[in-house]
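Quick notes on the structure that follows.
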Amino acid sequence: MTRIGIITQARMTSSRLPGKVLLPAGDSTMLDHHLDRLEDAGLPIVLATTINDTDDPIVDLANRRKVSVFRGSEKDVLSRFVGAAEAFEFDAIVRVTSDCPLIDPALIIRGVQAFCDRNDPWLYVSNALTRTYPRGMDFEVFSRRALQLANNKATATYQREHVTPFFYQMGDPRIRLENIAGSSDMSAYRVTLDTPEDYALLKRLIEDYEGEALTVEGIVSVLAAHPDLASINRHVEQKKLGE
């Protein structure tokens, strides 16, 4: 039987908003909101952080919540994911990041179902190959076997820092890609956590609109009905691979 688990990455030393995962919103931190959403997907969770002392507060939070932790390289995140997958004996992995405090667990469930239906160890499933969902709702699903292949063959620094470019850049001919698309194009919206403006929007969504309990469609409905909210971080540009 395939053992599937969620591995999410988090660290305190973000370049654009240091300590962002422990910033407060409502009665919880952003990382708490993220883990709450992941727990609703009903899969084992591992929080993959670094061996740096600066990330001890992340480990403390995970321990308080009884969430499993794996600590590895700060820069070589690909090796960190391999170590986590092997340590917890996951046959397949859902990769998410703590930049997504409001990720919709229903999306994760949908992606896992698509992966399991194909029964293909070389399949890579994501909802960001062709973006229809807002940033902040991203997930990827792939096998540990494929992850180990990427670890063995990926050499570029950005491939190791961002974990999965080897897959969607077709680093091996066996890899097959499958995109999970939304029923409409919601890609203009940004509910990820990377800058002070992103934090300001997410804090408003959580504290004024109960965003932590909304589906992705519900969050988009709030943003569409309140253009002033969406304008808070509309100008923010996503960092590109290698930046």
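Of note:
- Yes/no for Phe166 being under 27 Å from His33 (Cα atoms), at pLDDT 95 or above, surrounded by 19 or more Cβ atoms within 10 Å (Cβ to Cβ) and not polar (S, T, N, Q): no
- Verdict on Ile51 being within 15 Å of the chain's Cα centre (by Cα), more than 13 Å from Leu202 (Cα to Cα) and not aromatic (Phe, Trp, Tyr): no
- Hey, Val125 at pLDDT 95 or above, within 13 Å of the chain's Cα centre (by Cα) and either surrounded by 23 or more Cβ atoms within 10 Å (Cβ to Cβ) or not hydrophobic (A, V, I, L, M, F, W, C) (or both) or not: no
- For first residues located in the stretch 223-236 and part of a loop (DSSP other than H, G, I, E, B), partners that are surrounded by 12 or more Cβ atoms within 10 Å (Cβ to Cβ) and among the aliphatic types (A, V, I, L, M) and lie 6+ apart or on another chain with Cβ distances below 7 Å form the pairs Ile232/Ala200; Ile232/Leu201; Asn233/Leu201.
- Subset of the stretch 185-222 that is assigned to a loop (DSSP other than H, G, I, E, B) and among the aliphatic types (A, V, I, L, M) - its residue that is surrounded by the most Cβ atoms within 10 Å (Cβ to Cβ): Leu193
- Look at the stretch 165-187: where a residue is touching a residue at least 24 places away in the same chain (Cβ under 8 Å) and a partner is exposed (fewer than 14 other Cβ atoms within 10 Å of the Cβ), sitting 6+ places away or on another chain with Cβ atoms under 6 Å, you get Asn179/Thr130.
- Gly242 meets each of the listed conditions (1) over 20 Å from Asn127 (Cα atoms); (2) modelled with pLDDT of 95 or more apart from (2).
- Out of Ala150, Ala114, sole residue that is out of contact with any strand residue (DSSP E or B) (no Cβ under 7 Å at 6 or more places or on another chain), under 24 Å from Met170 (Cβ atoms) and not hydroxyl-bearing (Ser, Thr, Tyr): Ala150
- Of all residue pairs spaced 6 or more apart or on separate chains, those with beta-carbon atoms under 9 Å, a first member in the stretch 16-39 that is without any contact (Cβ under 8 Å) to a residue 40 or more places away in the chain and a second member that is surrounded by fewer than 16 Cβ atoms within 10 Å (Cβ to Cβ) and not in a helix (DSSP H, G or I) are Gly19/Thr13.
- Taking every residue in the stretch 69-80 that is charged (D, E, K, R) and pairing it with any residue that is assigned to a loop (DSSP other than H, G, I, E, B), at least 6 positions away or on another chain, the pairs with Cβ-Cβ distances below 8 Å are Arg71/Ile51; Glu74/Arg11; Glu74/Thr13; Glu74/Ile51; Glu74/Asn52; Arg80/Ser73.
- If you go through the stretch 128-163 and pick out every residue that is over 29 Å from Val191 (Cβ atoms), buried (at least 17 other Cβ atoms within 10 Å of the Cβ) and polar (S, T, N, Q), you end up with 1.
- Only one entry of Ala25, Ala92 meets the criterion of being under 30 Å from Asn152 (Cα atoms) and either in contact with an Asp or Glu (Cβ under 9 Å, 6 or more places away or on another chain) or among the hydrophobic types (A, V, I, L, M, F, W, C) (or both), and that entry is Ala92.
- Picking from residues in the stretch 137-155 that are in contact (Cβ under 8 Å) with a residue 60 or more places away in the chain and assigned to a loop (DSSP other than H, G, I, E, B), the one that is nearest to Cys100 (Cα to Cα) is Met137.
The values are calculated or read from the model by the stated rules, or taken from the named source; none is laboratory data. Everything quoted here is computed from the prediction, not taken from an experiment. Every residue, glycine among them, receives a Cβ derived from its backbone with ideal geometry; neighbour counts consider all protein chains shown.
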